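For reference, the structure discussed in these notes is given below.
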2 protein chains.
Amino acid sequence: MAVVGDGQLARMMAEAAGPLGVRLRLLAGDPDSSAAQVIPDVQLGQHTDEAAVRAIVKDAAVLTFDHEHVPNEILLRLQSEGVPVGPPPQALVHAQDKLVMRERLSELIGDRHALADLPVWARVRTPAEVTSFGDATGWPVIVKTPRGGYDGKGVVVAGSAGDVPSEWFEKFPDGLLAEEKVDFRRELAVLVARSPSGQASAWPVVETIQVDSICDEVIAPAPGLPAELAGAATELALRIAGELGVTGVLAVEGFETADGRFLVNELAMRPHNSGHWTIEGSVTSQFEQHLRAVLDLPLGEVGAREKWTVMVNVLGGKYPDLYRSYLHVMARDPKAKVHLYGKGVRPGRKLGHVTCYGDDLDDVRARARHAADFIRGVIEE
Amino acid sequence: MAVVGDGQLARMMAEAAGPLGVRLRLLAGDPDSSAAQVIPDVQLGQHTDEAAVRAIVKDAAVLTFDHEHVPNEILLRLQSEGVPVGPPPQALVHAQDKLVMRERLSELIGDRHALADLPVWARVRTPAEVTSFGDATGWPVIVKTPRGGYDGKGVVVAGSAGDVPSEWFEKFPDGLLAEEKVDFRRELAVLVARSPSGQASAWPVVETIQVDSICDEVIAPAPGLPAELAGAATELALRIAGELGVTGVLAVEGFETADGRFLVNELAMRPHNSGHWTIEGSVTSQFEQHLRAVLDLPLGEVGAREKWTVMVNVLGGKYPDLYRSYLHVMARDPKAKVHLYGKGVRPGRKLGHVTCYGDDLDDVRARARHAADFIRGVIEE
């Protein structure tokens, strides 16, 4: 199968492809990138270059991605020529454009005030429309660019219309997304997978903890989550996957509100940081399931193997080289599972993650946190 | 690091190397071999060709193997030039030559009639010596070539000296190995790992079930094994690793005798078929631990994650292509973990394995057996 994107998600797909007997052909921007280090069949090129994408799909059972940035028109053309694309571009657009996603989900959810819903939102084309929205829903409001935002980029918390960068209105003449600032207890993520023949599976709902808008820690399952809310969030994620025709893994990120509802924030159609815990923590990892799903192989069981599994990201910190701190962590905690992505260190860059599991949540969290913080150099003891 | 050997063991090492952030350079006989399919940095050549082995060790942190067939003199030369070799040739010779191994272990065990011991054995150079041995220990006896045997090749059960192929005496002028035919309940394997700095770990002792002298099924841990016997076998395996200076994984295969002792049969110094269950069944897999050990990284925890883990090999059978039966197994048992090695089907060839785990041993065995038999075509329902 063909994979576009050379980051850690494609790397971890390759780690799952081996046991499945699936061979990957990668479109990589860099011959020494995270995924290119572990996949023999690599073509170099840009994901925005149609010829480069075409070069990897010949005879491939399916084309998939480790990011959502391949232009939809390229995928539509390939699809019309008979190349299976998973997820298909008709679904993928909902992970590429936040306004398209909000419109489609509003339609799909229908009933306002459902237990699993969207935040109150509007399309805003001018500062005056931001003001109207804020006056109606209460200030501050969140304003986002419909495309191109990630890890906190393309998002402002606006106390007034003047806080929204004026160039955004010019760059996105079809409008920006304005949204109520949700009063939330915590963030949750629902990870599901769906195959072209319609089989679907859902991992337990997890709690995600963001620091500076970047995923920092994931706790599986989300502690103390009411079963009714977990059920409603899971049911909504499975409906989204089905109605949008998603194939592969779909991550639905959202908020658990102070009044006990689940409000959708973002969609991602690929393995997702909130699912790295599944490598050790579930019978079937998100990477294995993504491959099984896009290839239309029968899906694997997705129950949790342990009472608690916690994943903490390792970001680039003060050490130019992680090797010594990595040794220390291995020696200190022989049960910690450290995953490195083979990437050069830059401050704030996702370089790896640590997963710990066990019966005592406080202990598991402390171990995973310590290991990740030690590797990056936040702590020295 | 540099790896000689392109089979499934090197392939599964590569699956473990990714998360560790370790990059492999492979010496492969075939560019489409099992391991070469998943490792980008491949040199083609034969493991008996010193120049080919030299071509992969430049700048490598260590040289390791997925088999024991690299000539010891090549390894000794590389070692004398400062190339770290794991396991070192001084240890490896005990996995290459059964007489060298028996002599060394006899010395090491000392006390005859220990709970963990060797079968009664002798070096035999002529048919007359076979007759003397058989008359002394009782017929039939087992006669083996000291080198070059595997999966039942190079072994005869001799009711008299005439059953031993006469060319063996010519081919091995230093003698053959004659051994008592052990009255055993079942076969066991003890898997340990040791690093150059002397850290060592031991997985739970497993039961191995051979069919036609080929490993068919592994049950972890060995059901009903007395703790004292498990302890003695494990202690012996750790002593062997330490005294012989093994680095990496050491598999000690042996018999549980009718009178409740453990008798060593074979040594292997690399990840071993009896340890494939550790991929899902232990906190640290044998492949991860082998890499950690030969690189002198701190070792991982090796406890069992599940009450029972069972692995069944998938051998080449009647289907020229496994794909349809593979789909069926995935659909029927979403908890079964199927590992394929990317090898073409030949009858009797090891093509993959299936691992199942859970609390009910009969159920786990039945599921793993069904999946493996169905994939190879032994059963159709």
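The values are calculated or read from the model by the stated rules, or taken from the named source; none is laboratory data. Here the structure is a predicted model, which is why all the values come from computation and not from measurement. We place every Cβ from the backbone using ideal geometry, glycine too, and count neighbours over all the protein chains shown. Calculation scope for accessible area: heavy atoms of the full protein, side chains included, ligands and nucleic acids excluded. Shrake-Rupley method; radii C 1.70, N 1.55, O 1.52, S 1.80 Å.
Among the listed pairs A:K318/A:K350; A:K98/A:K343; A:K181/A:K318; A:K98/A:K171, those with a Cα-Cα distance over 22 Å are A:K98/A:K343; A:K181/A:K318. Across the protein chains, with a 1.4 Å probe defining accessible surface, the residues A:H339, B:H67 rank B:H67, A:H339 from largest area downward. Ordering A:A202, B:A61, A:V354 by the projection of their Cα atoms onto the charge dipole of the protein assembly as shown, which places +1 on the Cβ of Lys and Arg and -1 on the Cβ of Asp and Glu, puts B:A61 at the extreme positive end. Across segment B:71-177, Cα-Cα pairs farther apart than 23 Å form 38% of the total. Just add up the charged neighbours of B:A293: K/R +1, D/E -1, any other residue whose Cβ is under 13 Å from the Cβ of B:A293. Neighbourhood net charge equals +1.
Buried surface for the A/B pair, taken as the accessible area of each chain alone minus that of the pair with a 1.4 Å probe, is close to 3200 Å² in total.
For B:K335, the lysines whose Cα comes closer than 20 Å to its Cα, not counting residues fewer than 8 places off in the same chain, are A:K307, B:K307. Separation of segment A:265-327 and segment B:135-150, taken as the distance between their Cα centroids, equals 50 angstrom.
Calculate what fraction, in whole %, of the accessible area of segment A:69-122 sits on carbon and sulfur atoms when a 1.4 Å probe is rolled over the protein chains. Result for segment A:69-122: 56 percent of the exposed heavy-atom area is carbon or sulfur. Springs between alpha-carbon pairs under 10 angstrom, Gaussian network model over chain B: which of B:G138, B:G303, B:G317 fluctuates most? Looking only at B:G138, B:G303, B:G317, the largest GNM fluctuation is found for B:G138.
At 1.4 Å probe radius, can you tell me the per residue accessible area of chain A in Å²? Please list the in-between numbers first.
Values: 14320 Å² over 381 residues.
Using a 1.4 Å probe on heavy atoms only, each residue of chain A averages 38 Å².
A probe of 1.4 angstrom, applied to the heavy atoms of all protein chains, finds B:W203 with accessible area near 0 square angstrom. Over all pairs of different C-alpha atoms in segment A:167-248, the reciprocal of the mean inverse distance, the Kirkwood hydrodynamic radius, equals 15.1 Å. Across the identical copies, the 7 Å label point of B:R123, projected outward along Cα→Cβ, sits 8.8 nm from its counterparts, in ascending order. Ranked from largest, the principal axis spans of the Cα set of segment B:1-82 equal 32, 24, 18 Å.
A straight chain from A:E167 to A:A227 at 0.36 nm per residue would run longer than the Cα-Cα distance by 17.2 nm. When B:I279, B:I74 are compared by accessible area of protein heavy atoms, the largest-first order is B:I279, B:I74, using a 1.4 Å probe.
Sorted from closest to farthest, the other copies place their B:V211 label points 5.3 nm away, with each point set 7 Å from Cα along Cα→Cβ. With +1 on each Lys and Arg Cβ and -1 on each Asp and Glu Cβ, and nothing else charged, work out how big the dipole of segment A:258-381 is about its Cα centre, in Debye to the nearest 20. For this selection, approximately 500 debye.
With bins 10 Å wide beginning at 0, the percent of Cα pairs of segment A:269-374 falling in each bin runs 15, 41, 31, 12, 1. Relative to the other identical copies, B:D111 shows label-point distances of 7.4 nm, where the label point lies 7 Å from Cα along the Cβ direction and values run shortest first.
In terms of its Cα atoms, the protein assembly as shown spans 105, 56, 49 Å along the principal axes, sorted from long to short.
Among A:I240, B:I109, the sequence by solvent-accessible area, most first, with a 1.4 Å probe is B:I109, A:I240. A 1.4 Å probe, protein heavy atoms only, puts the accessible area of B:E73 near 110 Å².
A simple spin-label model places the labels of A:R123 and B:D259 8.8 nm from each other, with each point 7 Å out along Cα-to-Cβ.
Each listed q (0.15, 0.16, 0.25, 0.29 Å⁻¹) maps to a log10 I(q)/I(0) for segment B:141-202 from the Debye sum over equal C-alpha point scatterers, namely -0.64, -0.68, -1.05, -1.26. For the rotational copies A and B, the chain A residue with its Cβ nearest the relating axis, together with that separation in Å, is A:P40, 2.
Among beta bridges from DSSP that stay inside chain A, the antiparallel ones total about 80%. Calculated mean residue ellipticity, 222 nm, the protein assembly as shown: -9500 deg cm²/dmol, from DSSP H runs (n ≥ 4) at -39500 (n - 2.57) each, averaged per residue and rounded to 500. Under the simplified labelling scheme, the A:H69-A:V100 pair shows an inter-label distance of 1.7 nm, with each label point 7 Å from Cα along Cα→Cβ. Across chain B, Cα pairs under 8 Å and at least six residues apart give a relative contact order of 13 percent.
Where Rh is the Kirkwood radius over the Cα pairs of segment B:61-125, the temperature 37 °C and the viscosity 0.692 mPa s, what D in µm²/s does Stokes-Einstein return?
242
The fraction of all Cα pairs in chain B landing in successive 10 Å bins from 0 to the largest distance is 5, 23, 32, 27, 12, 1, given as whole percents. If R0 equals 45 Å, the separation of the Cβ atoms of A:R185 and B:Y323 corresponds to a calculated FRET efficiency of about 0.40.
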